[in-house]
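Input: a single structure, listed below in structure tokens.
The values are calculated or read from the model by the stated rules, or taken from the named source; none is laboratory data. The structure displayed is predicted, hence computed values, not measured ones. A quick note on method: Cβ atoms are made from the backbone with ideal geometry, for glycine too, and the neighbour counts reach across all protein chains shown. Note: accessible area is taken over every heavy atom of the protein model, side chains too, but ligands, DNA and RNA are not part of it. Shrake-Rupley method; radii C 1.70, N 1.55, O 1.52, S 1.80 Å.
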Amino acid sequence: MILRYRLEANDRRPAITIVKHYETLPPLECCHGQLNQVFMNLLTNAIDAIDLTGYDPQDCDPSEQPPRIEIRTRAIDQSAIEISISDNGLGIPTELQPRLFDPFFTTKPIGQGTDLGLAISHEIIVQQHQGAIAIDSELGRGTTFRITLPRYPTGYPSYRV
Ligand SMILES: Nc1ncnc2c1ncn2[C@@H]1O[C@H](COP(=O)(O)OP(=O)(O)OP(=O)(O)O)[C@@H](O)[C@H]1O
Ligand SMILES: [Mg+2]
């Protein structure tokens, strides 16, 4: 809802389609406010990556993919789940991928954001939830961020009965 206006068509590109593949997930222990922050960061980055792709409205090349973000959820097994967010934006060069989670690493113009989106997301997923966050990206084709989360992080206050 918060990002809806950024998905709309504008003079540079068509509207972004969001495709949801939501498998029913088992309950898990988490701080949902923090996870929402991660999803916002990843979705904002996906939209930015699509906006930076550069669509040519005159170019009717049928191989040009309409802008699209896919969100998938699945249970990996009894103890862990996976959430992935994929975009068909500009992609990330291989040599930059190891630096993405560094605080203040950005390729965007200075002063637009805090440049902490992925550093904070990594902290929330890895330190706060004992999960993992991985990148799969190909320049010019798009990027997938894949989050895995244990259902019962150790050391977490447990609500199991
Ligand atoms: N989906 C994506 N596609 C392409 N590049 C990405 C994607 N997600 C992240 N990046 C790259 O990773 C960098 C760091 O992302 P991060 O969210 O930490 O900061 P930012 O987006 O630059 O700034 P802020 O989040 O404060 O607006 C981005 O500048 C961009 O180069
Ligand atoms: Mg960001």
Can you report the number of residues in the stretch 108-119 which are open to solvent by 60 Å² or more (accessible area, probe 1.4 Å) and either under 18 Å from Gln37 (Cα atoms) or within 13 Å of ligand 2 (Cβ to nearest atom) (or both)? 3
How many residues does the stretch 71-100 hold that are near ligand 1 (Cβ under 10 Å from one of its atoms), in contact (Cβ under 8 Å) with a residue 24 or more places away in the chain and of a type in the set (A, V, I, L, M, F, W, C)? 4
Please go through the stretch 120-132 and pick out each residue that is within 11 Å of ligand 1 (Cβ to nearest atom) and open to solvent by less than 20 Å² (accessible area, probe 1.4 Å). Ser121
Counting just the residues of the stretch 19-56 that are β-branched (Val, Ile, Thr) and either touching a Lys or Arg at 6+ places or on another chain (Cβ under 6 Å) or part of a helix (DSSP H, G or I) (or both), which one comes out nearest to ligand 1 (Cβ to nearest atom)? Thr44
Meets criteria (modelled with pLDDT of 95 or more, within 16 Å of ligand 2 (Cβ to nearest atom) and either of a type in the set (Val, Ile, Thr) or surrounded by 17 or more Cβ atoms within 10 Å (Cβ to Cβ) (or both)) for Asn36: no
With the requirement that a residue be open to solvent by 40 Å² or more (accessible area, probe 1.4 Å) and outside any loop (DSSP other than H, G, I, E, B), what does the stretch 3-18 give you? Arg4, Tyr5, Arg6, Thr17, Ile18
If you check every pair at least six apart or on different chains, which have Cβ atoms under 6 Å apart with a residue in the stretch 24-44 that is within 18 Å of Ile135 (Cβ to Cβ) first and a residue that is within 16 Å of ligand 2 (Cβ to nearest atom) second? Val38/Ser121; Val38/Ile124; Asn41/Gly117; Asn41/Ser121; Leu42/Ile85; Leu42/Phe145; Leu43/Leu3
Lone qualifier among Arg141, Arg146 - being surrounded by 14 or more Cβ atoms within 10 Å (Cβ to Cβ) and touching a residue at least 40 places away in the same chain (Cβ under 8 Å): Arg146
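Residue-wise test of (1) closer than 22 Å to Ile120 by Cα; (2) touching a Gly at 6+ places or on another chain (Cβ under 7 Å); (3) among the β-branched types (Val, Ile, Thr).
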site	(1), (2), (3)
Ile18	no, no, yes
Thr24	no, no, yes
Phe39	yes, no, no
Gly54	no, no, no
Ile81	yes, no, yes
Gly91	yes, yes, no
Leu100	yes, no, no
Asp51: farther than 22 Å from Asp136 by Cβ, open to solvent by 40 Å² or more (accessible area, probe 1.4 Å) and over 13 Å from the mean Cα position of the chain (by Cα), yes or no? no
